[in-house]
Amino acid sequence: MAKNKDYIKFNNSLEDNNQIILSDYFPKAIFWDVNLDELDYKKDADFIIPRVLDWGDYKNAWDKLKLLYPLKVIKYYCLNQAQIFGDENIEALAAKFNLNPEEFPRYSK
């Protein structure tokens, strides 16, 4: 995935001493196949953000995502991640983050 300047700026601005316990933010059902608390919210952002976005707003996960990551970074993943499926989910994401659903890679309407 090509990285834009907002994504790179976000990754470069994170400090290593930030300790985030992800199970305080997200339901374990979203990360059913991994130990959620072993993930690093900075290093594993490429895995965490698309997974949360694709699950829909399950238990307000999208709002919790905004507590951890800058809005520009979340929007970047919305528009550049082919892992996000389902027109209904994409339309909800587009409405939530003020985006055009037709710009999502998997939007099919």
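The values are calculated or read from the model by the stated rules, or taken from the named source; none is laboratory data. Source: prediction; values computed, not measured. Here the Cβ positions follow ideal geometry from the backbone for every residue, glycine too, while neighbour counts run over all protein chains shown.
Looking at region 48-61 only, could you name the residues that are over 8 Å from the mean Cα position of the chain (by Cα) and either within 23 Å of Gln19 (Cβ to Cβ) or hydroxyl-bearing (Ser, Thr, Tyr) (or both)?
Tyr58, Lys59, Asn60, Ala61
Scan region 25-50 for residues that are of a type in the set (A, V, I, L, M, F, W, C) and more than 15 Å from Lys66 (Cβ to Cβ) and report the count.
Within region 25-50, residues that are of a type in the set (A, V, I, L, M, F, W, C) and more than 15 Å from Lys66 (Cβ to Cβ) number 8.
Give just the number: which of (1) surrounded by fewer than 17 Cβ atoms within 10 Å (Cβ to Cβ); (2) modelled with pLDDT of 95 or more does Val52 not satisfy?
(1)
Looking at region 66-77, which of the residues that are in contact (Cβ under 8 Å) with a residue 40 or more places away in the chain and hydrophobic (A, V, I, L, M, F, W, C) is surrounded by the fewest Cβ atoms within 10 Å (Cβ to Cβ)?
Across region 66-77, the extreme among qualifying residues is Leu67.
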